[in-house]
1. Can you sort Cys77, Cys152 from fewest to most other Cβ atoms within 10 Å of each residue's own Cβ?
2. Under 25 °C and 0.890 mPa s, how fast does the stretch 221-287 diffuse according to Stokes-Einstein, given a Kirkwood radius computed over C-alpha pairs? Answer in µm²/s, whole number.
3. Which cysteines does the chain leave without a neighbouring Cys Cβ under 4.7 Å?
4. Could you compute the net charge surrounding Thr236? Neighbours are other residues with a C-beta less than 15 Å from the C-beta of Thr236; K and R count +1, D and E count -1.
5. At q = 0.08, 0.09, 0.13 Å⁻¹, what log₁₀ I(q)/I(0) does the chain have when each alpha carbon counts as one equal point scatterer in the Debye sum?
6. First obtain the Kirkwood hydrodynamic radius of the stretch 134-372 from its Cα pairs, then insert it into the Stokes-Einstein equation at 10 °C and 1.306 mPa s, and state the resulting D in µm² per second as a whole number.
7. Rounded to the nearest 5, what % of the DSSP beta bridges within the stretch 42-189 are antiparallel ones?
8. Once you keep just the Cα pairs under 8 angstrom separated by 6 or more residues, what percentage relative contact order results for the chain?
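Quick note: the coordinates plus some simple rules give every number you see, no bench work behind them. Keep in mind that what you see is a predicted model, and the values were worked out from it rather than measured. We place every Cβ from the backbone using ideal geometry, glycine too, and count neighbours over all the protein chains shown.
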Amino acid sequence: MNVSFYTLGCKLNYAETSQLQHLFEQAGHTVVPFGNPTDAVIINTCTVTENADKECRQIVRRTLRQSPQAFVGVTGCYAQLQPEEIASIEGVDAVFGAKEKFQIPALIGDFHKFDTPHCFISELDGDLDFVESQSVETDSRTRAFLKLQDGCDYKCSFCTIPLARGKSRSMAFDLIPQRIKRLEAEGFHEVVISGINLGDYAAQTGENFTDVVRCIAAMKPNLRVRISSIEPNLLTPEIINIVASSDAFCKSFHIPLQSGSPEILRMMRRRYKAEYYHDLIHRIKSAIPDCGIGVDVIVGFPGETDTHFEETFQFLHGLPVSYLHVFSYSERENTPAAEYSAAGQSVPMHIRAERSKRLRTLSAKKKFEFYRSQCGLEKTIIPETRNEATGQWVGWTENYVRTEFVGQQTTVQKPVLVRLLETDGETVQSELLGNITPFAPQQQPSYIPIIM
Ligand code: SF4
């Protein structure tokens, strides 16, 4: 049987879709690109996505236009939270919850259209198994995502992820070096270690995330490792010191803040104070002056007044961070924050949009300043994609600067050394200095000059 997949949402969802594809292939099916004629399609949904319902309907319609007899299965966070809503979408045959996601081929042996949709959903109250997943970001196969942790035990008042994904669970500690070595042997040059609440990694054998970082640094892998989003309260001084001193780690962090207002942070039930976050960023910058730091922030949380927003704006304005990911708050059923909204604390949509715009403008300025501060420096990048018309390669430096340079087609998949030259705030134009062989220490790269 031919089967295709469609993924919405975060990198973790993409990693899990890859794992699902693998399971279908093991069961003897053939994975075909989405949009090709197919016998079945599996849609992996997200709860954070705005209009998840609308998007899901559109994808089902697109599938059935191309393949009217295709079996349509829907899984992912939205499926776990709103199975009936999804089952009511015309053309959907089955809905699979978080526990059932990786059992789809076994649950539906013979994929054909059902007369009435089936829901395979269990409660997520007990312990859940950790299911390994990894994915590849680009066609050039330079960067892989490796899931080390899933679920979340926190109770941030705006978030449905703990309801959709269940309790925190982690990959076995001794598997981590094995998986990284395997990716290295497969030719990847960068691995992004990720999780829903990655810093909350807790192996059944007792190791925590600091142990993971220490273990990877000791491995000295022949690739670079990037830490995906990590909660500020879990980013320990030891992790910062290891990242600062180890060539294995990219000099970048992504640290959700969500609000710079102490009162809103409290209402969000976040586990740190604004002053702590402020000190954390300064600690990182003094240990790693070039560190790229991304920040998640939510505007329009229920009860957020102009004064609260101004606190957030000024707080971020004064912080040496590189860019912001700005989200407009949107109500999620079954969360305390949605109750605050229902109780009259909702922020009007046009104000959410205005605040979002102000922070996006601030983000653009921060990014421009950060990129400009890097001009003149030599950095290692892994070329990912090439514009055939201009001959320009695009890649990311270890400290998360997007850069472009003119290079040969064969440059792909090989780390190179570039000098960053000038920026328009979106990207930095660079000149190619040479190939790095093998993946070299970032401080004193040994490289082979390229004669163009
Ligand atoms: S840490 Fe908070 S925001 Fe992040 S997944 Fe857990 S509950 Fe959601």
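1. Working: Cys77 27, Cys152 21.
So the residues, fewest neighbours to most, are Cys152, Cys77.
2. Working: Rh = 12.9 Å.
Estimated diffusion coefficient is 190 µm²/s.
3. Lacking a cysteine Cβ partner under 4.7 Å: Cys10, Cys46, Cys56, Cys77, Cys119, Cys152, Cys215, Cys250, Cys291, Cys375.
4. Values: positive: Arg214, Arg271, Arg283; negative: Asp200, Glu207, Asp211, Glu231, Glu238, Asp279.
Result for the neighbourhood of Thr236: -3.
5. Relative scattering, expressed as log10 I(q)/I(0), comes to -0.50, -0.64, -1.33.
6. Details: Rh = 18.9 Å.
It diffuses with D of about 84 µm²/s by this estimate.
7. 35 percent
8. Details: 937 pairs, mean separation 42.4, N = 452.
In percent, rounded to a whole number, it is 9.
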